[in-house]
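S.K.: Next up is a structure, given as C-alpha cells.
The values are calculated or read from the model by the stated rules, or taken from the named source; none is laboratory data. Since the structure is predicted, the reported quantities are computational estimates derived from the model, not experimental observations. Note that we place each Cβ from the backbone using ideal geometry, even for glycine, and neighbour counts take in every protein chain shown. In case anyone asks, the SASA skips ligands and DNA or RNA and just uses the protein heavy atoms, side chains included. Shrake-Rupley method; radii C 1.70, N 1.55, O 1.52, S 1.80 Å.
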Amino acid sequence: GNAPRLMMRANGAIGQNADVLIATWSGSTNVFVTVSGTTPSPNADGAMEFYVDCDTGGFIDLDTWGVTP
C-alpha cells in the first residue's frame, strides 16, 4: 500500500476547496519519525482540520501533534 500521509481537510470558508497533501511519511518501519509540512495560507479566519490516512495492511501509531505559527 501507500505510505501514511498527513492531510489537511477541505474547508471552503478559508478558501481551501479540496483536501491538501501536507506531507508523506518516509523512513524505516517500526521506528518513530517526524512528519511535517507547510499548510497553504488561508484567506479568512477559520479552522484547519488535519488527518493521517494510510492504506497499508497493519496499523500506524500517532503521537504528539504540534503547530508552529
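S.K.: Report the extension gain between Val67 and Ala3 in nm, rounded to one decimal, defined as 0.36 nm multiplied by the number of residues separating them, less their alpha carbon distance. Numbers along the way, then the final one.
M.R.: Details: separation 64, 0.36 × 64 = 23.04 nm, distance 2.22 nm.
Length difference between fully extended and current span is 20.8 nm.
S.K.: Taking amide H positions as placed 1.01 Å from N in the peptide plane, with prolines and chain starts having none, which residues 5 or more places from Gly46, or on another chain, fall under 5 Å of its amide H?
M.R.: For Gly46, no residues qualify.
S.K.: How much net charge surrounds Arg9 when only the other residues with a Cβ under 11 Å from the Cβ of Arg9 are counted, with Lys and Arg +1 and Asp and Glu -1?
M.R.: On the way: positive: none; negative: Asp19, Glu49, Asp53.
Its environment carries a net charge of -3.
S.K.: Which FRET efficiency value, to the nearest 0.05, is calculated for Ala44 and Ala23 with the Förster distance at 35 angstrom and r the Cβ-Cβ distance?
M.R.: The calculated FRET efficiency here is 0.90.
S.K.: Between Thr56 and Val33, what length comes free when the chain is fully extended (0.36 nm per residue of separation minus the Cα-Cα distance, one decimal in nm)?
M.R.: Gain on stretching Thr56 to Val33: 6.6 nm.
S.K.: Counting only heavy atoms of the protein chains, get the accessible area per residue of the chain (1.4 Å probe) and round it to a whole Å² value.
M.R.: Values: 5320 Å² over 69 residues.
Normalised by residue count, the accessible surface of the chain is 77 Å².
S.K.: Separate question: Find, to one decimal place in angstroms, the Kirkwood hydrodynamic radius of the chain, where the mean of 1/r is taken over every pair of different Cα atoms and then inverted.
M.R.: 13.4 Å
S.K.: Now for a separate question. What are the ³J(HN,Hα) couplings of segment 36-51, residue after residue, when phi is run through the Karplus curve with 6.51, -1.76, 1.60 and θ = phi - 60°? Round to Hz, x for glycine and proline.
M.R.: 9, x, 10, 7, x, 6, x, 9, 7, 5, x, 9, 10, 10, 10, 8
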